[in-house]
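The values are calculated or read from the model by the stated rules, or taken from the named source; none is laboratory data. Note that this is a predicted model, so its numbers are computed, not measured. Cβ: placed from backbone, ideal geometry, glycine included. Neighbour counts: every protein chain shown.
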Amino acid sequence: MTVPATVDAFKDGNAPTDAITAYSLAVDLVAACRAFVAVSGYASFTAGAAAAHIPQSVASRRIAALERHFGARLFDRSTRTVTLTPFGRDMLPSARRLVDLAEAMEHAAVRARLRPFRLAVPAVCAPRALARLVAQARRHELLLEAHPAEPAERAELARVLEVRAALVAVPPAEATWRVPLGLAGRAEPALPALYLETLRVGRADGEAPARRVWIQPEDDVPHVRDPVMRLRDALGLRPGQVRVAASLVAAAAEVLGSADLLLCSQLQAAELGLHWRPAGELATAARGYRIAAGRREDADAVRTLLHAAVRRCLGGVEEVAR
C-alpha cells in the first residue's frame with residue numbers, strides 16, 4: 001500500500017481517488033489496531049474503549065471493520081468475556097507494533113515542530129529588534145532561536161551546520177539585505193556628509209590628537225574594511241587614524257569620549273545617541289547580508305517568511321531584490 005508523504009494534496013482536494021482511499025485505509029487501520037490492542041488488553045469492549053478514549057460503539061465498529069478487512073474474526077464474543085480467537089492471537093503482535101510505530105511517529109512530529117530554528121545573527125542586532133524577529137517567526141510556527149555572533153563565527157557556524165541558517169556578511173552586490181554605512185560622532189555636523197579628508201593632520205595642528213575613525217568588528221570584513229584603509233592611505237591620514245576596535249562597546253566608548261568617529265549604520269548611531277552622516281568619499285559603503293543554510297528550505301523560510309523582520313533587525317533602510 002502506498003501512503004502519501006504529506007496530507008497537503010488531500011487538504012487541497014487534488015489527490016487522485018485511489019490515493020485518498022489508500023490514505024484513509026492507512027489511518028483507519030491504525031485507529032482500528034489501537035482499538036484491537038486496547039480491547040484485547042482489558043478483555044472487554046467497555047474497558048478497552050475507555051482506555052483508548054473512544055466510545056464503545058466506535059471501538060466495536062473499528063474492530064468489525066478490521067475483521068472484514070482481514071477476512072477473519074479477532075474476538076470470540078460468545079461469552080460474557082471477550083477472548084481472542086487463534087487468528088486474533090496471531091495478529092495481536094503485529095497490531096501492537098503498528099500502534100507503537102504510529103505513536104513514535106506522532107511523538108517525533110511533536111519534537112520536530114518544537115525543535116528550535118537556530119539562526120546566527122550579527123552581534124550588533126539590538127535586543128528589541130531580535131525580540132520582534134522571534135515574535136514574527138512564531139506567527140509562522142517557527143521556534144526561532146537567535147545566536148548573535150561576529151561575521152567569521154557566523155560563517156563557520158553555517159559551514160559546520162551548528163545552526164540551521166546564518167546571516168553571513170557578503171559584498172552588497174551579492175546581498176539580500178543591504179545596510180548603508182556612514183560616520184557618526186558626538187557633534188552635529190554642519191554639512192550633509194562627513195569627509196575623511198577633514199581628518200588630515202597638518203603642521204598647524206601641532207600636538208593636537210588626530211581624530212580617528214573606528215571600525216567595529218561587524219565591519220571588519222574585506223568589502224567594508226579594505227576600501228576605508230585604502231582611502232586612509234590615499235588621503236595621507238596617519239595609519240592609526242583608522243582602527244578596528246575589539247568590540248562595538250569599545251569603539252563607541254572612544255567616540256563618546258572624544259571627537260572620533262564611528263563607522264556604523266544610521267540605526268546604530270541613533271541607539272548610541274550619535275549624530276550620523278553619510279561618508280562623503282565612501283557614499284556606497286554598506287554591509288551586505290545573505291542567508292547561508294545547509295538546507296534550501298531553511299534559507300527559503302528566512303527569506304520569505306521573515307524578510308522584512310530581518311531587514312529591520314539589521315537596521316537596513318534599503319531592500320535588495322530577492
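Residue-by-condition table, conditions (1) part of a helix (DSSP H, G or I); (2) modelled with pLDDT under 95; (3) among the acidic types (D, E); (4) outside the structural domain of A169 (by TED's automatic domain parsing):
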residue: A187; (1), (2), (3), (4): no, yes, no, yes
residue: L191; (1), (2), (3), (4): no, yes, no, yes
residue: R230; (1), (2), (3), (4): yes, no, no, yes
residue: A252; (1), (2), (3), (4): yes, no, no, yes
residue: V255; (1), (2), (3), (4): yes, no, no, yes
residue: L263; (1), (2), (3), (4): no, no, no, yes
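Residue count for the range 236-249, restricted to those that are more than 14 Å from L183 (Cβ to Cβ), in contact (Cβ under 8 Å) with a residue 12 or more places away in the chain and part of a helix (DSSP H, G or I): 2. Selection of first residues in the range 79-96 that are farther than 11 Å from V37 by Cα and of second residues that are of a type in the set (G, A, S) and exposed (fewer than 15 other Cβ atoms within 10 Å of the Cβ), restricted to Cβ pairs under 8 Å at least 6 apart or on distinct chains, gives the following pairs, ordered by first then second residue: T81/A43; V82/A43; T83/A43; T85/A72; F87/A72.
Would you confirm whether or not the range 36-53 contains a residue that is touching an Asp or Glu at 6+ places or on another chain (Cβ under 8 Å) and outside any strand (DSSP E or B)? Full working, then the answer.
Just the residues of the range 36-53 that are touching an Asp or Glu at 6+ places or on another chain (Cβ under 8 Å), to begin with: none.
No, there is no match, as no residue in the range 36-53 is touching an Asp or Glu at 6+ places or on another chain (Cβ under 8 Å) and outside any strand (DSSP E or B).
Kindly establish whether R311 is in a helix (DSSP H, G or I) and either closer than 27 Å to E145 by Cα or under 27 Å from the mean Cα position of the chain (by Cα) (or both). Give the steps one after another, and end with the answer.
Values: in a helix (DSSP H, G or I): yes; either closer than 27 Å to E145 by Cα or under 27 Å from the mean Cα position of the chain (by Cα) (or both): yes.
Spelling it out, R311 is indeed in a helix (DSSP H, G or I) and either closer than 27 Å to E145 by Cα or under 27 Å from the mean Cα position of the chain (by Cα) (or both).
E197 passes every criterion in (1) surrounded by 14 or more Cβ atoms within 10 Å (Cβ to Cβ); (2) part of a helix (DSSP H, G or I); (3) touching a residue at least 40 places away in the same chain (Cβ under 8 Å); (4) not β-branched (V, I, T) apart from (1). Only one of V168, V163 is of a type in the set (V, I, T) and not in a strand (DSSP E or B). Can you tell me which? Of the residues listed, the single one that is of a type in the set (V, I, T) and not in a strand (DSSP E or B) is V163.
Checking each residue in the range 267-281 for being of a type in the set (A, V, I, L, M, F, W, C) and not in a strand (DSSP E or B) picks out L267, A269, A270, L272, L274. Of the candidates A65, A102, A109, A72, the single residue that is over 38 Å from the mean Cα position of the chain (by Cα) and in a helix (DSSP H, G or I) is A65. Residues considered: E106, E141. Of these, the only one that is exposed (fewer than 14 other Cβ atoms within 10 Å of the Cβ) and outside the structural domain of T304 (by TED's automatic domain parsing) is E106. The single condition among (1) without any contact (Cβ under 8 Å) to a residue 40 or more places away in the chain; (2) out of contact with any strand residue (DSSP E or B) (no Cβ under 7 Å at 6 or more places or on another chain); (3) not assigned by TED's automatic domain parsing to the domain that holds A246 that A146 does not meet is (2).
Go over the candidates L101, L74 one by one and state the one that is surrounded by 14 or more Cβ atoms within 10 Å (Cβ to Cβ) and either outside the structural domain of A301 (by TED's automatic domain parsing) or modelled with pLDDT under 95 (or both).
Values: L101 fails: surrounded by 14 or more Cβ atoms within 10 Å (Cβ to Cβ).
On inspection, the qualifying residue turns out to be L74.
Filtered by the rule that a residue be crowded, with 18+ Cβ neighbours inside 10 Å, over 17 Å from P172 (Cα atoms) and touching a Lys or Arg at 6+ places or on another chain (Cβ under 8 Å), the range 253-288 gives V255, D260, L261, L274.
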